[in-house]
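Peer 1: Below you'll find the structure I mean.
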Amino acid sequence: YIANSGFIANRLRRDFGIDAEIMPPLVLPERYRVHSTRESVLFVNPVAEKGVEISLRLAEERPDIPFNFVESWERGSVVRRSERVRRAKNISWHKSQLDVRKFYGRAKLLLVPSQWEEAWGRIATEAQLSGIPVLASRIGGLPESVGPGGILVEPNAPLDDWLAALSRMWDDKQDATEALWCRPTIS
């Protein structure tokens, strides 16, 4: 058996008595690697399970930061152009796209405030291929996929904790430099 993270391997062992080898998802660097202008926060898949409420609140609290919200696989519960999004002048809303490099090409950091147990967090790996750090929930396999390349916050933490982490990554010029964030060892 194969699991895509230690988190899933542990679940398989606990729930089914299955021992699985861990093999993280294959990510082809040439499909994601960019040189980023580091001018915005990127949030992909704006649905409840992926933390859209936290993302909206962060954007509302930090009107000085441009946010790119990009739709993804889930269509039904997307907060499409809600009144909150229209009021927040710092949120740009985008339809899903096969080639996400243009969004990574503007990202200073990737926001992944997931509220469900992600098996891995492939999007973190994709962003980190370009040295883009990740602000994510400490849930499921996200701690493994983010590793030393970002900051983890408890998914149900108060907004102030999320804001402090965002501010550290956005405002502190030294913390936000590519050199301080570990790139994955994928070549």
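The values are calculated or read from the model by the stated rules, or taken from the named source; none is laboratory data. These numbers were taken from a predicted model, which means no experiment stands behind them. Note that we place each Cβ from the backbone using ideal geometry, even for glycine, and neighbour counts take in every protein chain shown. Heads up: the accessible areas ignore ligands, DNA and RNA and are worked out on the full protein's heavy atoms, side chains in. Shrake-Rupley method; radii C 1.70, N 1.55, O 1.52, S 1.80 Å.
Peer 1: With charges only on Cβ, +1 for K and R and -1 for D and E, what is the dipole size of segment 84-133 about its Cα centre, in debye, rounded to 20?
Peer 2: In total the dipole reaches around 520 debye.
Peer 1: Could you give the dipole magnitude of the chain about its Cα centre, charging the beta-carbon of Lys and Arg +1 and that of Asp and Glu -1, in debye to the nearest 20? All intermediate terms of the calculation are to be shown ahead of the outcome.
Peer 2: Values: 26 positive and 25 negative charges, 142 e Å.
For the chain, the charge dipole is close to 680 debye.
Peer 1: Within 10 Å, count the other beta carbons around each residue, average over each peptide in 105-111, 165-171, and list them highest first. Provide the component values of the computation, followed by the final result.
Peer 2: Working: 105-111: 23.0, 165-171: 18.0.
Highest-to-lowest ranking by the protection proxy: 105-111, 165-171.
Peer 1: Farthest toward the dipole's positive end in segment 3-138, which of GLY105, GLY17, PRO66, given Cβ charges of +1 (Lys, Arg) and -1 (Asp, Glu) about the Cα centre?
Peer 2: Positive-end residue among those listed: PRO66.
Peer 1: Within straight cross-link reach of LYS95, meaning Cα distance under 14 Å, which aspartates and glutamates are found once same-chain residues fewer than 8 apart are removed?
Peer 2: Within the straight-line limit of under 14 Å, LYS95 reaches these aspartates and glutamates: GLU71, GLU74.
Peer 1: Within 10 Å, count the other beta carbons around each residue, average over each peptide in 44-50, 31-37, and list them highest first.
Peer 2: Top to bottom by mean Cβ count within 10 Å: 44-50, 31-37.
Peer 1: On to the next question. For LYS173, list the lysines whose Cα falls under 30 Å from its own Cα; do not include residues on the same chain fewer than 8 positions away.
Peer 2: Straight-distance partners of LYS173: LYS50, LYS89, LYS102, LYS108.
Peer 1: Next question. If you stretched the chain out fully between LYS173 and LYS95, how much longer would it get, using 0.36 nm times the residue separation minus the C-alpha to C-alpha distance?
Peer 2: Gain on stretching LYS173 to LYS95: 25.0 nm.
Peer 1: Rolling a 1.4 angstrom probe over the protein heavy atoms, how many square angstrom per residue are accessible across the chain? Write out the running numbers ahead of the final one.
Peer 2: On the way: 9500 Å² over 187 residues.
Ligands and nucleic acids excluded, the figure is 51 Å² per residue.
Peer 1: Give, rounded to the nearest 20 debye, the magnitude of the charge dipole that segment 111-161 has about its Cα centre when Lys and Arg contribute +1 at Cβ and Asp and Glu contribute -1 at Cβ.
Peer 2: The calculation lands at about 140 debye.
Peer 1: In the chain, with Lys and Arg counted as +1 and Asp and Glu as -1 at Cβ, which of these residues, GLY147, TYR32, LEU163, has the Cα nearest the positive end of the dipole, that is, farthest along it?
Peer 2: Ranked along the dipole, the leading option is TYR32.
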